[in-house]
Amino acid sequence: MYDAALTPRGDRGASGSTWVPEPERPPESGEPRDETIRRPLIAGDKTPGQVTDDVARPMAGRPTALWWMAFFASGGVMTTGVVAVAYQIATGIGTWGLNKTVGWAFDITNFVFWVGIGHAGTLISAVLFLLRQRWRTSVNRSAEAMTLIAVLCAALFPLIHMGRPWLAFWVVPYPNPRGSLWVNFRSPLLWDVFAISTYFTLSAVFWYIGLVPDLATLRDRAADRARGLRKKLLGFFSLGWDGSLRTWNRYEKVYLLLAGLATPLVLSVHSIVSFDFATSILPGWHTTIFPPYFVAGAIFSGMAMVLTLMLIARKTMRLEDYITLRHVDAMTKLVLLTSSIVGLAYGTELFIAAWSDNPFEQFTFANRLFGPLGWGYWIMVACNVLIPQLFWFRRLRRNLPLVFAVSILINVGMWFERFVIIVASLERDFLPSSWASYRPTSIELATLAGTFGLFFTAFLVFCRVLPVIAMAEVKGVLSYGRRAGAAADSGVAPETAREPAEPDTVPFPTPETVPTAVAAGGSSFEEVQT
Amino acid sequence: MPRDRRNTRCPGGETGGAARRIGGPPDVAGPVPAESRRGLDRRDFLKSAGFAIGAAFAAGCHRAPVDEAVPFLSQPEAVVPGKAVWYASACSACPAGCGTLVKTRDGRPIKLEGNPDHPLSRGGLCALGQASLLGLYDSLRLEAPLDDGDTTDWAGADREICAALERVAARGGRLRLLTGSLTGPTERAAAQRFLADWRARGADTAWVTYDGLSSSAIRQAHERTHGRGVLPRYRFDRADVVVSFGADFLGTWISPVEHTAGYRTPRPAGIDGSPTLPRPRRHVQLEARMSLTGTNADRRVPLAPGETGLAITHLAERVSRRAGTDLGFGELEAAPLDEALLDELADELWNARGASLVVSGSQDVEVQALVNLLNEMLGNVGETVDLERPSAQRTGDDRRLAELLDELRRGAVDAVVVSGVDPVAELPGGEDLAAALGRAELSVSLADHRTATAAACRFVCPEPHFLETWRDLEPVPGVAVVAQPTIRPLGDTRPLIESLAAWSATRSGTDDGSAEVPSAYRQIQDHWRAHVFPRRTGRKPYPSGDFQSFWDRAVHDGVARVDPLIGLEQGTADRPGSFRAEAVRPVATASRPALGRFDLVLYPEVGILDGRGAENPWLQELPDPVTKVTWGNVASLSPAAADELGVRDGDLVGLSLDGDLRTLELPVRVQPGQHDRVVAVALGYGRIGTARFSGVGPQWIEKRPTVDTGQPVGIDASPWLRLEGGALRYQRTGLAVHSTGRRRELATTQRYDRLEVPARLGRLVEHGDQPREAARTLGLAALLAGENDGQPTEDGAEHRATLWAEHRYDGHHWGMIVDLAACTGCSACVVSCQAENNVPVVGRDEVVREREMHWLRIDRYYTGSGERVSAIYQPMLCQHCDNAPCETVCPVLATVHSSEGLNQQIYNRCVGTRYCANNCPYKVRRFNWFDYPHEDRLQNMVLNPDVVVRSRGVMEKCSLCVQRIQEQKIEAKTAAKPLEDGAIRTACEQSCPARAITFGDLGDPESRVARLAHDRRAYRVLEELNVKPSVAYLADVRNREEDHRV
């Protein structure tokens, strides 16, 4: 270990990964194509040191009043949920509004909903990484954290929805003394267990590996301030990161490999979740388009949730320079794409039902549209298909209040999508004598609210203790290098000048580091050449 | 039922006592090691000695409470722990007198089943009979006599009652015995002797009988037309054409099990080897409300109660024209029915004369006289209407009742003994009656609960449950039953005949205890020796020809065949005379409700009847077969009437009768098929004893009580009964209905009533207006024409590919056939299944939440529309699919396929994901949402020890009574004989009065199920899903005009 204060590792690392000088352009000029390539992804003309300061700032001081308010509010809601779940486990699943016909409702709806939310993180981290979408650097960290928390929220439901949750370990195939008793590998619920646990594990590892350079930065920043538990923890979890070229090299390779591993999981998890329905014989569930349809829906809702969180974080944590309109714009485009896929899936379902010549299938969809829960279907269509069409317009994509509102509506719509699929299919199936209705109880509502409480509480804690933005990665997309030459006529130059030591210490890419950078992620050479 | 499984010994004495000893007897001595064979060295000896002394101390310190730990001193011969002993008995839940077999385990009865040897019930047992077992373990039953509400002892009660009777007799006061229909020869003799004794001592005595569900008008009509007040025995088994004017003979009327068994007797449907039809060729029901019987009819016509007489008059006139006689009825108001329909009815009846049957549930003597006329003209008397061996199942005479009530109100009765009925709750003017009973010098009720009548009487001398005592019955002459007790009385109770003997004038005045009260057993045996034994017929071999062998045989078989025509007091002495046509008067006009008013029809519900089933939670939770409503009664309105009033299901309406200040509030049930100007309300609710059900069901924060604290279940409609014209009337006119604007959600077990999808959604579906094929009906003509031959639904089965290897059955392949043409929907199987399989009662709130637990349910679908609405019933249970959708989705293999084709649920492996239930297309799986209460230790005695009580969080469902399958397999194996087809009978199959359910081995091509599975009516529900159910259905058959009537 050596004194890192003089040469922040993050900065060195950043320069080693994807730092690329880009020519400065006046904002809002030129064709869009140029913008995406040429305009800096991070506004405010930050230096790497400023990035570190900006990102680490919320972790350093005392929490703001706003944070405390949010924390207590979400913590309170979470507590309500905890009480509700404890009561339900103590009393019985009967405290939910399920019945002889509708065996799943809020439980599995929430499960699929949260798994869906959990999709955006890996998508942004891994898929966009592989696709070299460098704008992802500003949002991937928090999106991954969101993924983990959402998958935790999701994993809660298969557990507590069991009649005897204390026996939940029976779904794990482990050697046991119960003779020939084993798990049923034909059951999609079992595949769920594997899919979710694999996804969670890999997401957690991926997230953690991405955190290591930042943890090292924090460790080094913490060095001159305190020597407490925090430092010890940071020291432990940064795995002895030394910022050497070799470390970077290996880090980049691991990160790339993990991204490659995680990408199929994005597709597999929700495909397998959709098998819960697709492999059943229930009309409305038994649908072969479910895997791609669910994956698109998951990305859709995940993106919407990332948007919701980012817009809040951007405002409250003063990260406007990092999460720029450009990020919002890119994400809303993804939202628009996935919304259209989801809309296509809705249409396909109706088309297939109409052409199926199967009266049960046809009735299920007639009932879904116009039956007792028809209002849910129309909420779903409105929120998931119609409202996102606003994002065809560039101005609306950059209207943050509108984007925020739409992102929330999308999540409402996606929740209803799962609710409609599950409940509206179950409530009226083959034998009309068993047709039933469903009404949630207070316990179910409290449980749903409680998962949101858990989600936001965990996210708030994350914002306080870990860098919400991947500093090391962001530093790779700064416009800083370009500014160095043209600093004189820039309005931000005086700010840069406040910290003279840092820019000077940033090394220019060396021949050894450049191949790594190319391999790891950036289209830097191509861009440099343009 | 193999004979040898039954036992003639009464277990009441020593074995019955075991039932109250709960928990295993702790063994006194600990396990003291015996001396080793190898020899004992010093150390071992010391160890053993030390352990022995220690164990002796330990055992000595523990004193087991005696009443919980006394084992049998000598093992009774009949009792093998873990093995059921069956006793023949008879059901006394209603006076129909069906034969039962009582299954006892370790000295306690745990199941009632029909006795196949009984000539009336033929092995069936209704829901009420099934559920009456639970009444045995009712912790609210009285355990000792009461004096003014306080517990007293029998000696004290007897002393005071006898003293009061003495005083009454001394001054020539009036003594009245008020009972329900008593069919037992000994009971009747005891009652007559009791009254005769006191009459000899100077009292003015009378015995008044009434029935809560009275058929008094039929008796009166026969008195008028045949000179003898009898209730004929209706032979539905001989009737080819049945026309019923509002008689719910399959559901609640007189003797439903007997009628159902007769109605469902298979008869050839046509000539030339056409299939047999498990029902009369044609059954037309004309009725005001939608009854169980009406839904089973080929043609059902809504007919207002006030129009019945006129309709029958018209029909009689038409039949008389065909008979070539003129009744001289004169000018009649226009018929309330379609003229063509009346002609058709007359033709059908006339063509089937001698094999037709006209019945009416009316309590109007004029109407019943017209019915007699019709049966007489049609030559049915002696064929389908048996007056020679009349029924004793309803002996009530409402004229006598009216006189008694009048006397009571005037305060003219000095002593009254009430047994078997609850007049304060059942009769109109109950409060007056209660006050009048209180004014009598002596009032004794023999109720076994704190009923309304018991509360009004000074003494309550509880009778035991019918399974606790010797009884005899002769519901129909020639069918004599001596019923043995199957358990020692749980309380200090005394049967009617013992009480009457204890209070007899001859005993009165003697010192207590000096003359022992003759036991019921002795009295019955004495009576049988003197009066029944001489009537024995030679048909049954009685080995030694002496009384003892006759008696043993009768007790063992549960029924003795005796000559019907001698001995019984309604026997030879005055047999019915010839028909007196002049006694019949036409009903020339119809009475219809005024504009904006309705007719009120009060009816009994299956199971609850006149309230006798009200305190039984199984029956309260049993959905009414037609309305499917549990836990309470409703105001049934026709769809048109509901539209007119702007109300829908669950809206509370206020009902008030003109000239009556009382307003009853009931939730609406919109009832298709009901007459538009009729409101139907079930009797038997609002009983004070049902207030106990407020805490039924799981307790949690959102729970709503089954009934509010202190409130009874449902609304008591009996104040609106009327005792008028010498008969208890169940119809009123001038009913005003207004909406209250409030709601009370109905606890129904079926929310959607039709096989067609809702029209609004059906428009979007191909053939959306067609009924789904789950429950199929064939026209009789189509069946005879062979239109269903060739099994169209089997088409393409071989093309359905499957990913998995097919199941192979080397041994048995259990399956079931349900004949929808036989099923009447009577719901006996539902309660039977509940009793056999320990299915919990969940309470009203849980039913509202659509979580009833019945493993076997009866789906009722309305068919047709408007006036032609009818219903089809479909018992629905686990179909034990070969390709079971539930089996593939369970993550922990808690539901698996057996090598014999059963779909087995492994309760202790189930973690409760409910995926199986979601994936079940029949929705027959039931989930334990809570731990259902089992706190009532006495009530837990009813639990079947062969079936586990499921804990919360696990799925359960029909197992095809796997415990019975295993039992019979073991028996067959022990006997080294192949398992006979029919040896295994599931609980539902056993109870079915209509023989609609057949269980057996599909793998055996000779078995009944294998043959029925290839019947031309056979189909499987949702066959197209390729789940390959092991339960097949035989399509219902109706002889409807629209299907070209035969």
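Annotations
Condition check ((1) at pLDDT 85 or above; (2) closer than 30 Å to A:Ser271 by Cβ; (3) not basic (Lys, Arg)) across all residues:
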site: A:Ala204; (1), (2), (3): yes, yes, yes
site: A:Tyr208; (1), (2), (3): yes, yes, yes
site: A:Arg221; (1), (2), (3): no, no, no
site: A:Asp224; (1), (2), (3): no, no, yes
site: A:Gly243; (1), (2), (3): no, no, yes
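- If you go through the range B:481-511 and pick out every residue that is at pLDDT below 90 and among the basic types (Lys, Arg), you end up with 2.
- None of A:Gly103, A:Gly92 is within 14 Å of chain B (Cβ to nearest Cβ) and farther than 21 Å from A:Trp415 by Cα except A:Gly92.
- Remark: A:Trp182 matches the filter, which requires a residue to be out of contact with any Phe, Trp or Tyr (no Cβ under 7 Å at 6 or more places or on another chain), surrounded by fewer than 20 Cβ atoms within 10 Å (Cβ to Cβ) and not in a helix (DSSP H, G or I).
- Among (1) modelled with pLDDT of 60 or more; (2) exposed (fewer than 14 other Cβ atoms within 10 Å of the Cβ); (3) closer than 19 Å to B:Tyr137 by Cα - the single one B:Gly23 does not satisfy: (1)
- Among residues of the range B:1018-1041, those that are in a loop (DSSP other than H, G, I, E, B) and either surrounded by 20 or more Cβ atoms within 10 Å (Cβ to Cβ) or in contact with a Pro (Cβ under 7 Å, 6 or more places away or on another chain) (or both), counted: 9
- Considering the range A:185-197, and only residues there that are facing another protein chain (nearest Cβ under 7 Å) and either exposed (fewer than 14 other Cβ atoms within 10 Å of the Cβ) or part of a loop (DSSP other than H, G, I, E, B) (or both), the residue that is modelled with the highest pLDDT turns out to be A:Ser187.
- Here A:Asp276 meets each of (1) under 16 Å from A:Ala470 (Cβ atoms); (2) among the charged types (D, E, K, R); (3) within 14 Å of chain B (Cβ to nearest Cβ) with one exception, condition (1).
- Residue match in the range A:144-160 (condition: surrounded by fewer than 24 Cβ atoms within 10 Å (Cβ to Cβ), without any contact (Cβ under 8 Å) to a residue 40 or more places away in the chain and either over 28 Å from the mean Cα position of the chain (by Cα) or within 14 Å of another protein chain (Cβ to nearest Cβ) (or both)): yes
- Residue identified as closer than 29 Å to B:Arg535 by Cα and either touching a strand residue (DSSP E or B) at 6+ places or on another chain (Cβ under 8 Å) or among the aromatic types (Phe, Trp, Tyr) (or both) among B:Ala392, B:Ala456, B:Ala402: B:Ala392
- Checked against (1) under 25 Å from the mean Cα position of the chain (by Cα); (2) within 14 Å of chain B (Cβ to nearest Cβ), A:Asn367 passes all but a single condition, namely (1).
- All helices (runs of 4 or more DSSP H) inside the range A:356-449 with 1 or more residues being of a type in the set (S, T, N, Q): A:359-370, A:400-419
- Helices (runs of 4 or more DSSP H) wholly inside the range B:361-447 that include at least 1 residues being touching a residue at least 40 places away in the same chain (Cβ under 8 Å) and either crowded, with 23+ Cβ neighbours inside 10 Å or polar (S, T, N, Q) (or both): B:365-377, B:398-410, B:423-426
- Scanning the range B:851-895 for residues being at the interface with chain A (Cβ under 10 Å from one of its Cβ atoms), in contact (Cβ under 8 Å) with a residue 40 or more places away in the chain and among the acidic types (Asp, Glu) gives a total of 2.
- From the list B:Ala717, B:Ala774, B:Ala747, the lone residue that is within 9 Å of another protein chain (Cβ to nearest Cβ), under 30 Å from B:Asp643 (Cβ atoms) and within 28 Å of the chain's Cα centre (by Cα) is B:Ala774.
- Selection count where residues are crowded, with 18+ Cβ neighbours inside 10 Å and of a type in the set (Ser, Thr, Tyr), scope the range B:899-914: 1
- The listed residue being basic (Lys, Arg) and at pLDDT 90 or above, out of A:Arg164, A:Arg134: A:Arg164
- Helices (runs of 4 or more DSSP H) (entirely within the range A:219-322) containing at least 2 residues that are surrounded by fewer than 17 Cβ atoms within 10 Å (Cβ to Cβ) and of a type in the set (Lys, Arg): A:229-237, A:245-278
- Lone unmet requirement of (1) within 12 Å of another protein chain (Cβ to nearest Cβ); (2) over 26 Å from the mean Cα position of the chain (by Cα); (3) surrounded by fewer than 24 Cβ atoms within 10 Å (Cβ to Cβ) for B:Val848: (2)
- Some residue of the range B:320-343 being of a type in the set (Val, Ile, Thr) and within 30 Å of the chain's Cα centre (by Cα): no
For every residue, the table says whether it meets (1) of a type in the set (Lys, Arg); (2) in contact with a His (Cβ under 9 Å, 6 or more places away or on another chain); (3) more than 19 Å from B:Tyr862 (Cβ to Cβ).
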site	(1), (2), (3)
B:Pro625	no, no, no
B:Lys628	yes, no, no
B:Ser636	no, no, no
B:Pro639	no, no, no
B:Gly650	no, no, no
B:Leu655	no, yes, yes
B:Leu664	no, no, yes
B:Val668	no, no, no
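- Residues that are under 21 Å from the mean Cα position of the chain (by Cα), surrounded by 24 or more Cβ atoms within 10 Å (Cβ to Cβ), at positive phi and in a loop (DSSP other than H, G, I, E, B) occur at least once in the range B:831-845.
- Annotation for the range B:226-249: no member residue is more than 23 Å from the chain's Cα centre (by Cα), free of Cβ contacts under 8 Å to residues at least 12 places away in the same chain, under 27 Å from B:Arg580 (Cα atoms) and in a helix (DSSP H, G or I).
- Some residue of the range B:650-661 being within 14 Å of another protein chain (Cβ to nearest Cβ), touching a Leu at 6+ places or on another chain (Cβ under 6 Å) and surrounded by fewer than 22 Cβ atoms within 10 Å (Cβ to Cβ): yes
The values are calculated or read from the model by the stated rules, or taken from the named source; none is laboratory data. These numbers were taken from a predicted model, which means no experiment stands behind them. Note that each Cβ is placed from the backbone with ideal geometry, even for glycine, and that neighbours are counted across all protein chains shown.
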